[in-house]
Every structure is written in C-alpha cells, then in structure tokens.
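The values are calculated or read from the model by the stated rules, or taken from the named source; none is laboratory data. Nothing here was measured: the structure is a model prediction, and the numbers come from that model. Using ideal geometry, Cβ is built from the backbone for each residue, glycine included, and neighbour counts are taken over all protein chains shown.
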Amino acid sequence: MAQDYEAGVFELVREPLVPAQIEERVQHPACGATVCFTGSTREENRGKRVVRLEYEAFEKMTGPEMQRIFERCRAEQQGARLRMLVAHRVGVVEVGEPSVVIAVASPHRAQAFAAARFLIDELKRTLPVWKKEIYADGEHWIGDRS
C-alpha cells in the first residue's frame, strides 16, 4: 500500500526509531529541503535523574487526531507542497533513544522548518500520547491523562 506523505503519515512504533530512515521516506525529487526533528529521552528532568520513559497512547484516537494536525499544518502553510511523516514511540524508551521523529520535505526550506515546528508543537499539545518518567526513586506522569 502506497503511503500518502502529502496528506501526512503517522505511526506509533514499539521498536527503536531510526531518524535517517524516517527522513529518507519523505524525500522526493520535487523537494529541495528536508527537515528532520528528533526528540530524545534526556537523562534529567524536574531535577531528577531519569532512568527511562514509558509511553502510552490512546491508539484509536492518535491516528484521527494526527490527521487533523496534518490538515491544520497544510492550511497554515497555505498550499505549500509538504511531505510529512511523524513516528512516535510507545512502550519503554531508554535514555538517549528517540521518542519522536518528525520528517518534512518541501520544495523550500522555510516551509519545511515551519511545518516541522508546527507538527511537534501541536502533537505535544493535543495528541493522546502520555509519558511516565521513571526515576531511581519513583515515577511521574507528564501531562494530563484524562
């Protein structure tokens, strides 16, 4: 099945993400710019040493919500040609591993950068994916899980 990167492709992934492979998938001869954002698990947050993260997703809602985000992104870029792929981990993500990778290709760099920024900001704001930080002495859910 061919994937429609111009509409936007979203994947929840249980295995480690490889940013270069994700970036390669959106590239196209019509696009002179490709931007790849990688968000990785950091070793410290909230003044505590992070051991690992655990991500959960409301899987039946993530796809439809991400499609709405892609639609808003295309509208924001006012018809610019965009090829978009967002891959987000679920399950255990170790320190230093990518949690999310966003790749955007466009004929021009300004639209590719703006679209990648829009996608990560909106994903963090509305996508039903939650993370639990695991510390040596406890754990903490980040964000509202309601």
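Details
- Qualifying residue in the range 87-106 (condition: assigned to a helix (DSSP H, G or I) and either within 17 Å of THR41 (Cα to Cα) or in contact (Cβ under 8 Å) with a residue 24 or more places away in the chain (or both)): no
- Residue check for ALA80: small (Gly, Ala, Ser) and in contact with a strand residue (DSSP E or B) (Cβ under 7 Å, 6 or more places away or on another chain): yes
- Meets criteria (part of a helix (DSSP H, G or I), over 15 Å from the mean Cα position of the chain (by Cα) and either at pLDDT 95 or above or not basic (Lys, Arg) (or both)) for GLN111: yes
- Every condition in (1) surrounded by 16 or more Cβ atoms within 10 Å (Cβ to Cβ); (2) over 14 Å from the mean Cα position of the chain (by Cα); (3) at pLDDT 95 or above; (4) of a type in the set (A, V, I, L, M) is met by ALA80 except one, and the failing one is (3).
- Per the listing GLU54, GLU122, GLU65, the residue uniquely surrounded by 15 or more Cβ atoms within 10 Å (Cβ to Cβ), modelled with pLDDT of 95 or more, over 26 Å from PRO29 (Cα atoms) and in contact with a Cys (Cβ under 9 Å, 6 or more places away or on another chain) is GLU122.
- From the list GLU59, GLU71, the lone residue that is at pLDDT below 95 and not basic (Lys, Arg) is GLU59.
- Flag if GLU54 is part of a strand (DSSP E or B), out of contact with any helix residue (DSSP H, G or I) (no Cβ under 7 Å at 6 or more places or on another chain) and at negative phi: yes
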